[in-house]
Amino acid sequence: KNTHDKKNAWALTDFDLGRALGKGKFGNVYLAREKESRYVVALKVLFKSQILDADIEHQVRREVEIQCRLRHPNILRMYGYFHDEKRIYLILEYAKHGALYVLLKQRGRFDEKTAAIYIRDLTKALIYCHAKKVIHRDIKPENILIGHNWELKIADFGWSVHSPSSRRMTLCGTLDYLSPEMIEGKPHTYAVDIWSLGVLCYELLVGLPPFDAKHSNQTYLKIRYVIIKYPEYISEKAKDLMSKLLVVVPEHRLPLTSVLQHPWILENAPEGVPPPVFNPENLHP
Ligand SMILES: CC(=O)NC[C@@H]1CCN(c2c(Cl)cnc3[nH]c(-c4cn(C)nc4C)nc23)C1
């Protein structure tokens, strides 16, 4: 058999399946290893019936086309996909340390250096996405994974596969990360990603999203009028950056390239500094 012929299609028999990494409405994600190369991947299995019933086939197709095209160290790779009669299989990069929101829950909140490194890397990933005309990567802690070098990886779970202990209802979706223009049903532009970057920055530093409230109508009002309380331990520079991202008028939000030049980033996440090593000893009391 000519060993150089390009594999034209993957099949389930090419993989050894491992434990379930996450379960969700449209299917589960499994740890898997490609037999020949022994390369470890995450295999996302989606049921065609569920996709058709929920009429999200076009969304799945679009997500796959986008994610296959994106190649960036801070974006979870999709290596390929295949399907059989009942299921669609997405071959995804395996992120060794799991979802950011799990680490955040464990630690309560991150120190400013760790948070700044994650915000810097997320900003670089978003600059790359926007250059490729891709917006709304749905950035929130549930959709961010951590790689083997503790680096951040945006993983877009558009069809909300989430790990067992997923914190928030994902289908009707928590309002926390929605920008004012999205809440008002206005068309969303690249600027929605800048808004959610600000929301994420707050959540990494505080442990709760800025517009958190008991009832969603309260969250709605807090978002619309940008009602935010900063705890006293947040530095002035961090507050300055968040106040320039969480701006109601989309065009007035700080451009992503300027985020990388902001004093809080330059001071806390200078280039060439390795990502934070997460050791359970320095957990917040
Ligand atoms: C929101 C959320 O938790 N997403 C998890 C989805 C299910 C597993 N997915 C993974 C995907 Cl798509 C890729 N890599 C992963 N690594 C893990 C993981 C690692 N640990 C130690 N624990 C877990 C869990 N999960 C994945 C995505």
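The values are calculated or read from the model by the stated rules, or taken from the named source; none is laboratory data. Quick caveat, the model's predicted, so the values are computed rather than measured. Cβ placement follows ideal geometry from the backbone for every residue including glycine, while neighbour counts extend to all protein chains displayed. Heavy atoms of the whole protein, side chains included, go into the accessibility calculation; ligands, DNA and RNA do not. Shrake-Rupley method; radii C 1.70, N 1.55, O 1.52, S 1.80 Å.
Residues checked against (1) of a type outside the set (A, V, I, L, M, F, W, C); (2) surrounded by 15 or more Cβ atoms within 10 Å (Cβ to Cβ); (3) out of contact with any Ser or Thr (no Cβ under 9 Å at 6 or more places or on another chain):
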| site | (1), (2), (3) |
| --- | --- |
| G22 | yes, yes, no |
| R33 | yes, yes, yes |
| E36 | yes, no, yes |
| D55 | yes, no, yes |
| V64 | no, yes, yes |
| Y81 | yes, yes, yes |
| D84 | yes, no, yes |
| L92 | no, yes, yes |
| A95 | no, yes, yes |
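For the stretch 178-211, a residue qualifies if it is more than 23 Å from D121 (Cβ to Cβ) and either in contact with a strand residue (DSSP E or B) (Cβ under 9 Å, 6 or more places away or on another chain) or not in a loop (DSSP other than H, G, I, E, B) (or both), and the qualifying residues are P180, E181, M182, I183. Criterion first (at pLDDT 90 or above and of a type in the set (D, E)) does E184 satisfy it? Answer is no for this residue. L178 meets the conditions (1) modelled with pLDDT of 95 or more; (2) away from the ligand (no atom under 16 Å from the Cβ); (3) surrounded by 17 or more Cβ atoms within 10 Å (Cβ to Cβ) in every case but one. The failed one is (1). Tell me, yes or no, whether the stretch 78-98 has at least one residue that is of a type in the set (D, E, K, R), within 15 Å of the ligand (Cβ to nearest atom) and not in a loop (DSSP other than H, G, I, E, B). Yes, the stretch 78-98 has at least one match. Can you tell me how many residues in the stretch 194-215 are over 16 Å from A115 (Cβ atoms) and either hydrophobic (A, V, I, L, M, F, W, C) or within 22 Å of the chain's Cα centre (by Cα) (or both)? So the count comes out to 5.
For the stretch 23-35, the condition holds for at least one residue, the condition being that it is under 21 Å from the mean Cα position of the chain (by Cα) and part of a loop (DSSP other than H, G, I, E, B). Screening E251 against (1) surrounded by 13 or more Cβ atoms within 10 Å (Cβ to Cβ); (2) in a helix (DSSP H, G or I) leaves a single unmet condition, (1). The lone criterion from (1) open to solvent by less than 20 Å² (accessible area, probe 1.4 Å); (2) of a type outside the set (G, A, S); (3) within 16 Å of the ligand (Cβ to nearest atom) left unmet by I51 is number (3).
Here R71 meets the list (1) within 22 Å of L122 (Cβ to Cβ); (2) open to solvent by 40 Å² or more (accessible area, probe 1.4 Å); (3) touching a strand residue (DSSP E or B) at 6+ places or on another chain (Cβ under 9 Å); (4) among the charged types (D, E, K, R) almost entirely, failing just condition (3). Picking from residues in the stretch 212-235 that are assigned to a helix (DSSP H, G or I) and among the aliphatic types (A, V, I, L, M), the one that is surrounded by the fewest Cβ atoms within 10 Å (Cβ to Cβ) is L221. Of the residues in the stretch 11-18, at least one is within 13 Å of the ligand (Cβ to nearest atom) and either among the small types (G, A, S) or in contact with a Cys (Cβ under 7 Å, 6 or more places away or on another chain) (or both).
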